[in-house]
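Participant: Sending over a structure as structure tokens; questions will come in a sec.
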Amino acid sequence: MFEYTLKKKDPKSMARRGSLQTPHGEIQTPVFMPVGTQATVKSMDPHELKEIGSQIILSNTYHLYLRPGHELIKKAGGLHKFMNWDRPILTDSGGFQVFSLQDNRKITEEGVMFQSHIDGSKHMFTPELVMEIQNALGSDIIMAFDECAPWPSEHDYVKKSLERTTRWAKRCKEAHKKTEKQALFGIVQGGGYEDLRRQSAKELVELDFPGYSIGGLSVGEPKNIMYDMLEITTPLLPENKPRYLMGVGSMDALVEGVMRGVDMFDCVLPTRTARTGTFLTMKGKINIMNAQYAEDLSPVDEQCTCYTCQNYSRAYLRHLFKAKEILGARLATWHNIHALHDLMGKIRESIEQDRFLEFRKEFFDNNRDYSAYN
RNA sequence: GGAGGGGUUCCCGAGUGGCCAAAGGGGGCAGACUGUAAAUCUGUUGUCGACGACUUCGGUGGUUCGAAUCCACCUCCCUCCA
């Protein structure tokens, strides 16, 4: 039911072109996955996401468990049916909330005691519960429960944390046995330490997961550290399994991630920044609220084929944001997700044509916001 | 005609002798956002030759070491009475 096919390797870099078979269809990789934490990609409805070109979306164990509750979603026929999305879904385990809700939780060997950010109630998240929740949700790809350690953290702490994450991964695997329809990914941790990244990767590969996530990155560390960590991690992962870099989605990092052998990415960046008026383009970011666009009747991006750029001007979009109209957030989200899917499509094409590095060079030459990391 | 209330920096609105270039909000300008506690948050918003100086609180004049704040007159606005 779940299978990764490596279709082509870039001869000059670690970039790979592949596909991923899931119970809800095939995914072409490298792929960008929009985030729909609360069973919705904020402001977009599923048929719009399909039109934009989303192959798979993310959702979240912690949030859906707290509200509306995984039992209800199970009763509704699973997350796909509940939210009316029939393509693949990947759910995060709540490991990121261990990081983002640091002030509301306590970590023990058993698991993480969360105090709900909604009503203050306490909930013990164990690897077993996290598997049970994701099983109830019925997502196609599920994540092992991990700790996304903050940046910066002491070597000693990161080591203890990653070793615990490995033990949790083992428990997840045990608990997951009866639900083979879902692909369980282990998550490599290790902070910004090369030796710990190697250790984590090695331990998880021994557990033999159908796919591997790389976590604990893009949590505030310098980009060169993230890239260094990727370079030493991906070669340690099995070639015939997908690699997923969690939480990464700026255009430059997508290009650099692919170059270092990553197949899957997710990020809230395109959707979140969209809601605050930032449009992502191949040439650089545009903050549509800037005064310079007040009377600019041209589209956000002349080259872009998305619905927003085909039909609306910068002046109109700016007006929507100034007036705080919801349509502004929707049209910007539409554009940004489209922009990242479009970028990934170009990346896939360039790998197929053996010119990924040329594409990369063009990208950095033309994007005023980013420069290549070498 | 009579009685009362009021005119504050782009707007609304605090302030009633020094700690006031003047609270707070709005608006404006700009920045941030990376497995979503985010349709959010932050900075800035009189001028300049700018760690200091200058011009501002309806207008004019006055009191005072010192006035957005006190006094006089003028002017405009609002409410009530006739």
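Participant: Give the residue that is surrounded by the fewest Cβ atoms within 10 Å (Cβ to Cβ), with candidates limited to residues of the range A:309-341 that are in contact with a Pro (Cβ under 8 Å, 6 or more places away or on another chain) and closer than 28 Å to A:T29 by Cα.
Facilitator: Here the answer is A:Q310.
Per-residue answers, yes or no, for (1) part of a strand (DSSP E or B); (2) at pLDDT below 95; (3) within 12 Å of RNA strand B (Cβ to nearest atom); (4) open to solvent by 10 Å² or more (accessible area, probe 1.4 Å):
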position	(1), (2), (3), (4)
A:W85	no, no, no, no
A:D119	no, yes, yes, yes
A:E128	no, no, no, yes
A:E132	no, no, no, yes
A:P152	no, yes, no, yes
A:D156	no, no, no, yes
A:R167	no, no, no, yes
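Participant: Within the range A:261-365, considering only helices (runs of 4 or more DSSP H) that don't extend past its boundaries, which have at least 3 residues that are within 14 Å of RNA strand B (Cβ to nearest atom) and basic (K, R)? Talk me through it step by step, then tell me what you get.
Facilitator: On the way: elements: A:269-275, A:307-311, A:314-322, A:326-352.
In the range A:261-365, the matching helices (runs of 4 or more DSSP H) lie at A:314-322.
Participant: Now, a different point. Kindly indicate whether A:S13 is in a loop (DSSP other than H, G, I, E, B), surrounded by fewer than 24 Cβ atoms within 10 Å (Cβ to Cβ) and among the small types (G, A, S).
Facilitator: yes
Participant: Quick check on my filter: what residues within the range A:30-43 are in contact with a Phe, Trp or Tyr (Cβ under 8 Å, 6 or more places away or on another chain) and either part of a strand (DSSP E or B) or surrounded by fewer than 18 Cβ atoms within 10 Å (Cβ to Cβ) (or both)?
Facilitator: Those that are in contact with a Phe, Trp or Tyr (Cβ under 8 Å, 6 or more places away or on another chain) and either part of a strand (DSSP E or B) or surrounded by fewer than 18 Cβ atoms within 10 Å (Cβ to Cβ) (or both): A:V31, A:F32, A:M33.
Participant: Quick one: would you say A:M246 is of a type in the set (A, V, I, L, M, F, W, C), within 12 Å of RNA strand B (Cβ to nearest atom), open to solvent by 20 Å² or more (accessible area, probe 1.4 Å) and under 23 Å from A:P88 (Cα atoms)? First the steps, then the outcome.
Facilitator: Working: of a type in the set (A, V, I, L, M, F, W, C): yes; within 12 Å of RNA strand B (Cβ to nearest atom): yes; open to solvent by 20 Å² or more (accessible area, probe 1.4 Å): yes; under 23 Å from A:P88 (Cα atoms): yes.
Taking the combined requirement at face value, the residue satisfies it.
Participant: Looking at the structure I just gave you, is A:P46 surrounded by 15 or more Cβ atoms within 10 Å (Cβ to Cβ), closer than 30 Å to A:C304 by Cβ and within 14 Å of RNA strand B (Cβ to nearest atom)?
Facilitator: The answer is no for A:P46.
Participant: Filter the range A:63-83 down to the residues that are of a type in the set (V, I, T) and near RNA strand B (Cβ under 8 Å from one of its atoms) and list them by number.
Facilitator: From the range A:63-83, those of a type in the set (V, I, T) are A:73; that's our starting set.
Within the range A:63-83, none qualify.
The values are calculated or read from the model by the stated rules, or taken from the named source; none is laboratory data. Predicted model only: the values in this text are computed from it and were never measured. Ideal geometry is used to build each Cβ from the backbone, glycine not excepted, and the neighbour counts take in all protein chains shown. Surface accessibility is based on the protein's heavy atoms, side chains included, excluding ligands, DNA and RNA. Shrake-Rupley method; radii C 1.70, N 1.55, O 1.52, S 1.80 Å.
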